[in-house]
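The structure appears right after this line, and notes come after that.
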Amino acid sequence: MTDITLTPGTPDDDNRDYLPESLKGSDIVVNENGNNSQPYPERLEEHTEVVIEGEAEDTWYTYVPSSYDGATPVPLVISMHGGMMTGWGQAVYTSWTLLAEREGFIVLFPNAHLRRFWLIDVPADAIDEATEVQPHGIYLNRPPADPDENHDNRLVLALIERLASTYAIDRSRIFMQGMSMGNAMTGQFARNFGQVLAGAAGSAGPSALGLLFDETGERINRGGPLAIFQTRMERDAVPPHYGAEVGTVVARNRDYWLGLNRASRIPEISIRGEDNLAFFEGGAAPLVFRDVKNRDHGQTLDDAEFVWSYLFSGVSRDPGGTIVVTEPRRARRGDAFAVAVADGSSHAWMGQRAVELGGRAFLWQKLKYHGLQGGAEVRGEYLYVPLAFIATAFGAEVVDQEGIGSLSWPDGPRVQVARGSIVSIVDGDVRSMLAEAVERDGHLHVSLEWVARDVLGLHTSQCEGVLYVTDHHAELSRNMALLIADLLA
């Protein structure tokens, strides 16, 4: 394994083109919404030839690491660019070439055959709208009805064979990853020719639901189970022709592969900073789901690291076609300590499983009335849980009777609260909470966020009516919040 060495670039922050042509062959780098580019890799080679007999030339790019000697078969990663982009654009907007140097695999970056748009399937009831010229000048190419006749599917298959005849390729470890339209293309290839791959991954380009499920709800698939990594962006807006709410499209794309892979529906969850990860194991193949906080459409420059280290590095396909799972470079494990609650749920997420809450979590508003002539203003909204659950979750002793409650830790703080009062007593000091203590069903409830953050010094993050508490910095994202809420429903 070779250490990664970064190459300094020349920033061009004034350049706001979608794919600045000045990047090709240069050390120029651009940055927009975190979509950084790296300097054009010196070892990236361009190829242009007729690949499909009787059709026009195709262009693709290969990156062969400096460690390659041809003596030992190496993995192959195929990385698919987004719409209006190119293979070389995908190379500079990802870190696959950096990982190729460290890990010793070869990377293939194909160009879409027509107008920089892949020939991706579109649901039958939307193809006319999706393939007509749009006001912004962007439209899809009309794909053939038969996946076996699709030029871009055939191109990928042919390039795999071409590279396998040129280099020592480990056929048990061929992978595909794509961004946006390249993600949709990866999904199309995986559904139809997944048996060629050991794993597939994509960022910010979920498939239309009509391509995943038929009118009876059955999965449409020819390729079989496959190790899958799905990266989504919290602020991403799914294209309108997908015909469903964004959260539904994201969840159903995940469900498609969970069912096909016969994977557990109960994941381990890990949130570090803005990266929200859920690991689904078991069955025929694993699935990793990643949602990136505060990001819109695109891919992060480190997405390749997540895909390789959590998934591709630990899967292969045996001669019989079975996906073989080994220990990846980074263990797929959830946070050692984490508690999550969801508005309206009688369960909490703790110890990487759903447990009884001993009541029902609810959102409570801190209101301002005075001087508003009978009106009110909301000055905060917090998730409330029973005192007894807080004691269980954080190892405290609890007293809850006749409107007075207390929490005490063997080697920590002592907290007293009272029904209807925003004041608490913490180690003998008078302290205001975020909002008043509330009694429901004979039990006192207080803000879980306040106890975790202000009393115990833990980290909290709230999104979509879900609160996540852990012992390190974690920013709960929208799609992960929706996943947790489903687990607790």
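No value in this document is a laboratory result; all are computed from the given coordinates. Source: prediction; values computed, not measured. When we count neighbours, we look across all protein chains shown, and the Cβ atoms used for this are built from the backbone with ideal geometry, even at glycine.
Here segment 69-183 is assigned +1 on the Cβ of each Lys and Arg and -1 on the Cβ of each Asp and Glu. Its dipole about the Cα centre then comes out at about 420 debye. The alpha-carbon atoms of segment 348-441, seen along their principal axes, cover 46, 33, 23 angstrom, with the largest extent given first.
Multiplying the residue separation of residue 425 and residue 378 by 0.36 nm and removing their Cα-Cα distance gives an extension gain of 14.4 nm. Taking a quarter of the surface of the Cα convex hull of segment 251-374 gives a mean projected area of 12.2 nm². The Kirkwood radius of segment 62-187, taken over pairs of alpha-carbon atoms, gives through the Stokes-Einstein law at 25 °C and 0.890 mPa s a diffusion coefficient of 158 µm² s⁻¹. Hull volume per residue, based on the alpha-carbon atoms of segment 8-55 and their convex hull, is 112 Å³.
Averaged over residues, the count of other Cβ atoms within 10 Å places the peptides 423-431, 162-170 in the sequence 162-170, 423-431, highest first. Ranking 403, 474, 165 by Cα position along the charge dipole of the chain, where only Lys, Arg, Asp and Glu carry charges on their C-beta atoms, puts 403 farthest toward the positive end. Fewest-first ordering of 392, 10, 62 by other beta carbons within 10 Å of each residue's beta carbon gives 10, 392, 62. Across segment 98-109, coupling constants 3J(HN,Hα) worked out from phi with the 6.51/-1.76/1.60 Karplus curve, θ = phi - 60°, read 5, 5, 4, 5, 6, 9, x, 9, 9, 10, 10, 10 Hz, and Gly and Pro carry x.
Here's the list of aspartates and glutamates a cross-link from residue 368 could span, going by alpha-carbon distance under 19 Å and ignoring same-chain residues fewer than 8 apart: 377, 381, 436. Fewest neighbouring Cβ atoms within 10 Å first, the residues 448, 212 line up as 212, 448. Quick check: from the Cα gyration tensor, does segment 183-322 come out rounded (a/c under 1.5), prolate or oblate? Oblate shape, in that a/c is at least 1.5 and b/c is the bigger or equal ratio. Computed over the chain, the convex hull of the alpha-carbon atoms projects to a mean area of 28.6 nm². Rounded to the nearest 20, the Cβ-based charge dipole of segment 199-322 about its Cα centre (Lys and Arg +1, Asp and Glu -1) stands at 180 debye. Among 285, 198, 38, flag the residue with its Cα farthest along the positive direction of the charge dipole of the chain, charges on Cβ as +1 for Lys/Arg and -1 for Asp/Glu. The residue sitting most towards the positive pole is 285.
Simple spin-label estimate for residue 84 and residue 4 gives 2.8 nm between the two label positions (7 Å along the Cα-to-Cβ direction from each Cα).
DSSP finds beta bridges in the chain, and of those with both partners inside it, around 70 percent are antiparallel.
Taken over the Cα atoms of segment 184-229, the convex hull encloses 66 Å³ per residue. Shown here for segment 1-43: GluC sites (Glu not before Pro) in loop regions (DSSP other than H, G, I, E, B) with at most 13 other Cβ atoms within 10 Å, namely 32, 42. Each Lys or Arg adds one and each Asp or Glu takes one away; over the other residues whose Cβ falls under 12 Å from the Cβ of residue 285, this sums to +1. Computed per residue of the chain from DSSP H runs no shorter than four, each worth -39500 (n - 2.57), the mean residue ellipticity at 222 nm is -5500 deg cm²/dmol. Site pair residue 213 and residue 114 shows an inter-label distance of 3.0 nm when each label is modelled 7 Å from Cα along Cα→Cβ. Each residue of segment 391-400 is assigned a 3J(HN,Hα), and the resulting list reads 4, 5, 5, 10, x, 10, 8, 10, 10, 8 Hz, derived from the Karplus form 6.51 cos²θ - 1.76 cosθ + 1.60 (θ = phi - 60°), x at Gly and Pro.
Rounded to two decimals, the Cα-based Rg/Rh of segment 192-271, with Kirkwood Rh, is 0.95.
Placing +1 on the Cβ of every Lys and Arg and -1 on the Cβ of every Asp and Glu, with no other charges, gives the chain a dipole of roughly 980 debye about its Cα centre.
Multiplying the residue separation of residue 252 and residue 66 by 0.36 nm and removing their Cα-Cα distance gives an extension gain of 62.9 nm.
As a size descriptor, the averaged projected area of the C-alpha convex hull of segment 64-131 was calculated at 5.9 nm².
Could you pull out which residues in segment 101-115 have an amide N less than 19 Å from a spot 7 Å beyond the Cα of residue 165, following the Cα-Cβ vector? Residues passing the 19 Å test: 108-110.
Counted residue by residue at 0.36 nm each, then reduced by the alpha carbon distance between them, the extension gain from residue 363 to residue 27 reaches 115.8 nm.
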